Amino acid sequence: MNIKNILSKSTPFLIGIACALIITGWLPKFQLSALESKEDLSNYHNIIKNNSFSHILTPVLPSVVSIYSISTEPKKDQPLLDDPLFQQQYTDQRKQNNQTINKKSNLGSGIILHEDGYILTNYHVIKGAEKITILLADGRETHAQIIGTDRETDLAVLKIKLSNLIAIKIEKNIQPKIGDLVFTIGNPYGVGQSVSMGILSATGRRQIGLVTYENYLQTDADINPGSSGGALINANGNLIGLNTALISKSGGSQGMGFSIPNYIAIDAAKQMIENGKVTRGFLGILNATILSVNEAQSLGIDFYAYRITNLTKNGPSQKAGILPGDILTLIAGEPILNPNHIREKIAKYTPGTTITVRILRDKQTYDIDIILGTREKE
């Protein structure tokens, strides 16, 4: 049987399959599921048609500002001046140095949160600043005052007095996913507002060692010195993070940048605007060690659990009756994911909130209510 005969006999069968797919709507459904929604499909066609992301970025650019700050610090002595043999001879020089201060310039970026002039940035951008200058995307320049700072998340809120400000678009409930298309906007090296593109490389990055509360988004989009405090946005133009840090051997971007997720940044900013500071709940558990898998299973525990080894004297947990040696299994009805999870979870509650923890003591389970205290700043 030749090929022509095979095709002629197969044609009705193939046509039948195609008709069935069209009638059931399987083909168009497959296309839409790949792009998730009609809105995503429309955005995709716009990108292909225009070969540009300008329609995403243009509305956002006016909401990102450049920040220049000046701080002062005492001029350091020369090392030889600490030597007793030289101190007498150079006493006058030491006095002169003690009266001299160095001017230090800091560079960064910020995000306009509200038309009233509130700007979110990193704390390290304005740390110790005596003068803060804000440069807007439209060329306007003004001074800013500090409304509040939070060292434990490296965040700060500033305020400027200008009209016709454009606030960035924020969607708090957004859940960034690995592989999402993202853009960074900032003022790298002070060259002016710049945009870079990449993907979201990872979420939930902790133990970087920068601040107390870490839960970073990681991206390969460029984050360079001066980009700190700038915006990380998604393909819909929504703010998803505040650019904060990079890991680099050269000092420039090497594809490992970190951003504070917007739900952390916005919650902290709201407290700073309302109260000038951020307050967090305090459980009063100083140290806890994770149980081994064998020990946990022997106690009938199928997830992480921690043996409490040290409590704050007269702290919330001790006052509630928690004892060293108790095994902590649940906080507010949820298992503990990792050692940092205890502190992170409690920090979401305001002081004075009552939460229930579950402990195991002498193979007996107890649910204990604890009234949270106020966490002292580190």
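A short reminder: the numbers here are calculations on the coordinates, not readings from a lab. Worth saying up front: this structure is predicted, and the values here are computed from it rather than measured. Positions of Cβ are generated from backbone atoms using ideal geometry, with glycine treated the same way; all protein chains shown enter the neighbour counts.
Hey, among the residues in the range 187-216 that are among the hydroxyl-bearing types (Ser, Thr, Tyr) and part of a strand (DSSP E or B), which one's nearest to Val65 (Cα to Cα)? Quick ask: steps written out before the conclusion?
Initially, the range 187-216 is screened for residues among the hydroxyl-bearing types (Ser, Thr, Tyr), giving 189, 194, 196, 201, 203, 212-213, 216.
From the residues that got through so far, the ones that are part of a strand (DSSP E or B) too are 194, 196, 201, 203, 216.
On the way: Ser194: 11, Ser196: 16, Ser201: 25, Thr203: 26, Tyr216: 22 Å.
Looking at the filtered set, the residue picked out is Ser194.
Could you check the range 134-156 and list, in sequence order, the residues that are out of contact with any Lys or Arg (no Cβ under 6 Å at 6 or more places or on another chain), over 24 Å from Leu246 (Cα atoms) and part of a strand (DSSP E or B)?
Hits for the range 134-156 are Glu141, Thr142, His143, Ile146.
State the number of residues belonging to the range 319-356 that are under 17 Å from Arg307 (Cα atoms), among the hydrophobic types (A, V, I, L, M, F, W, C) and in contact with a helix residue (DSSP H, G or I) (Cβ under 8 Å, 6 or more places away or on another chain).
Within the range 319-356, residues that are under 17 Å from Arg307 (Cα atoms), among the hydrophobic types (A, V, I, L, M, F, W, C) and in contact with a helix residue (DSSP H, G or I) (Cβ under 8 Å, 6 or more places away or on another chain) number 3.
Which fully enclosed strands (runs of 3 or more DSSP E) of the range 287-378 have 2 or more residues being of a type in the set (A, V, I, L, M) and surrounded by 18 or more Cβ atoms within 10 Å (Cβ to Cβ)? Write out each step before concluding.
Values: elements: 306-311, 327-331, 354-361, 364-371.
Strands (runs of 3 or more DSSP E) meeting the threshold: 306-311, 327-331, 354-361.
Select from the range 255-286 the residues that are surrounded by 14 or more Cβ atoms within 10 Å (Cβ to Cβ) and part of a loop (DSSP other than H, G, I, E, B) and write down the one among them that is farthest from the chain's Cα centre (by Cα).
Among them, the one singled out is Gly284.
If we scan the range 191-202, do we find a residue that is more than 21 Å from Ser54 (Cβ to Cβ) and free of Cβ contacts under 8 Å to residues at least 24 places away in the same chain?
No, that holds for no residue.
Can you pull out every residue in the range 121-180 that is surrounded by fewer than 16 Cβ atoms within 10 Å (Cβ to Cβ), touching a residue at least 60 places away in the same chain (Cβ under 8 Å) and touching a Gly at 6+ places or on another chain (Cβ under 9 Å)?
Within the range 121-180, Lys169 is the sole residue that qualifies.
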